[in-house]
1. When the accessible area of the chain is computed with all protein chains present and a 1.4 Å probe, what percentage of it is carbon and sulfur?
2. List the DSSP H helices in the chain whose Cα atoms stretch 20 Å or more along the helix axis and whose mean Kyte-Doolittle hydropathy is at least -1.0.
3. Take the alpha carbon atoms of region 133-201, find their center, do the same for region 27-86, and report the distance between the two centers in whole angstrom.
4. Could the peptides 135-146, 11-22, 116-127, 89-100 be put in order, highest first, of the mean number of other beta-carbon atoms found within 10 Å of their residues?
5. Please compute the per residue accessible area over the chain with all protein chains in place, 1.4 Å probe, rounded to a whole number of Å².
6. In percent, how large is the relative contact order of the chain, given Cα pairs closer than 8 Å and 6 or more residues apart?
7. For the chain, set up a Gaussian network in which alpha carbons nearer than 10 Å are linked by springs, and say which option among Y111, Y186, Y65 fluctuates the most.
8. With the dipole of the chain worked out from charges on the C-beta (+1 for Lys and Arg, -1 for Asp and Glu) around the Cα centre, which of T94, L82, C161 lies farthest toward the positive end?
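The values are calculated or read from the model by the stated rules, or taken from the named source; none is laboratory data. On a predicted model such as this, the values are computed, not experimentally measured, just so you know. Cβ coordinates were reconstructed from backbone atoms using ideal geometry, including for glycine residues, and neighbour counts include every protein chain displayed. Surface areas here come from the heavy atoms of the whole protein model, side chains and all, with no ligands, DNA or RNA. Shrake-Rupley method; radii C 1.70, N 1.55, O 1.52, S 1.80 Å.
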Amino acid sequence: MRLYHNPASPYVRKVMVLLAETGQADAVTLVPASGTPVAPGSLPVAQNPLGKIPALERPDGPALYDSRVICRFLSERAGGGLYPPPPLLWETLTLEATGDGMMDAAVLMVYEDRVRPEDRRLPEWVEGQWSKVARALDALEGRWLAHLAGPLDIGQIAVACALGYLDFRHGARSWREGRPGLAAWYARTAGRDSFRATAPAT
Ligand code: 99T
């Protein structure tokens, strides 16, 4: 299988962590890809009409895209494990959506800086994106720590990749302040081999 990949992408990192955690790292060849909505560059537009990474080419079916789909496919391929049965599944998928949504907002903030000319940027819009991240961080600290303390699942992987991305691109926002439980959980999780091996270079 071929995985369209960029080490800066937290969505790609979800897939890479899952591959490592399920012993499938050797099952994929990485294909470097980069670009933005205004300059798609080497993004896999033929494999994913949305022009986003990750995308996964497989020998026996059409390419898969969106980290949620790819992660679920690869987890099934390895015999499951990172998706508990219902009813805990619904909580786990909601946690994954929380991590992914934090990434979405954080990536839009980066694109605003990288893609939009300075005189056309809207600071309120950027702060609105950060408000989403901040509310999600507060929810994680306030109501998700018990779930985070349980066995590793796809929700935890998504949240840890989102927090790693905040450190990588938004370090000045100091997300740990006032969130000691989340910070401690992240320190433990980021120490796993799968996260250490996939950390974006700063
Ligand atoms: O939006 C684009 O045109 C290109 N962007 C991407 O491919 C980003 C890379 S993160 N990926 C996604 O937005 C995937 C989202 C999807 N829902 C999923 O796979 O879960 C780049 C971050 C950076 O460079 O800082």
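1. Carbon with sulfur: 54 percent of the solvent-accessible area.
2. For the chain, where a helix must reach 20 Å along its axis and average at least -1.0, the hits are 88-115, 123-143, 154-169.
3. First find each Cα centre; the distance between them is then 23 Å.
4. Those peptides, ordered most packed to least, come out 11-22, 89-100, 135-146, 116-127.
5. 50
6. It comes to 25 percent, rounded to a whole number.
7. With Cα springs under 10 Å in the chain, the top fluctuation among Y111, Y186, Y65 is at Y111.
8. So the residue furthest toward the plus end is C161.
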